[in-house]
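Encoded as structure tokens, the structure appears first; notes follow it.
Read-outs: derived from the displayed coordinates by stated rules, not from any lab. All of these numbers come straight from a predicted model, not from anything done at the bench. Every residue, glycine among them, receives a Cβ derived from its backbone with ideal geometry; neighbour counts consider all protein chains shown.
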Amino acid sequence: MLHKPLISAASCGKLRLLRLLVEGGAQVNGSNQRGETPLLAACKALREEPVGKESVKLLNFLLQNKADPNAQDQEGRTALMYACMQRAGALVASALVAAGADPCIEDGSGASALVYAINMIRDDSFLFQVLIDACRAKGRDIIIIATETGANRGPVTRRYLNVPPSPDSSPVSCILSPAGAS
């Protein structure tokens, strides 16, 4: 049961130790009591804007060794959600999406990675495009109805739809409507 040291190595960004542990038989999808896998822990620990090459190498190593990009912790959050929450950028989101991360998965509060990106990041058009393209590839439309400032002075998405498009409608990628707009 080497998943606890593996999770610790991933969250600290220790790629060499991670490699040794995986080569020694550590389970890349093993989780701790909070449901965190090494990939989730690595994305949760990202602090750089934009994320550096070493962090991306670590994530790619985990993904190449069959880390589940859609694993959810006890709150229902995925690696892609944490990457958006930590403002990791389009490079990390692209790596996760390329490995099969589903941007349409919702956590326990009903938020998807796109909602986290909208609430946490205001000016990363590359990240939004990665997420929108990934949603389109899954046959989803994304419609953001209103984003406004909440009580804690941060942005709050008041309503959004993330549903399969109807067969007779033209595709809508993303509609952003500022609060108070009609």
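For region 1-72, just run the numbers: alpha carbon Rg, then divide by 2.2 N^0.38 Å, N being how many residues it has.
Dividing the Cα radius of gyration by 2.2 N^0.38 Å gives 0.97.
To the nearest Å, what is the center-to-center distance of region 31-45 and region 67-124, using C-alpha atoms only?
13 Å
Please report the relative contact order for region 3-138, taking Cα pairs under 8 Å with a sequence separation of at least 6, and give it as a percent rounded to a whole number.
21 percent
Straight-line reach from K138: which lysines have Cα under 22 Å away, leaving out those fewer than 8 places along the same chain?
K66
For region 1-139, report the % of Cα-Cα distances exceeding 20 Å.
For region 1-139, the share of Cα pairs beyond 20 Å comes to 39 percent.
To the nearest 20 debye, what charge dipole does region 3-138 have about its Cα centre, counting +1 at the Cβ of each Lys and Arg and -1 at the Cβ of each Asp and Glu?
For region 3-138, the charge dipole is close to 400 debye.
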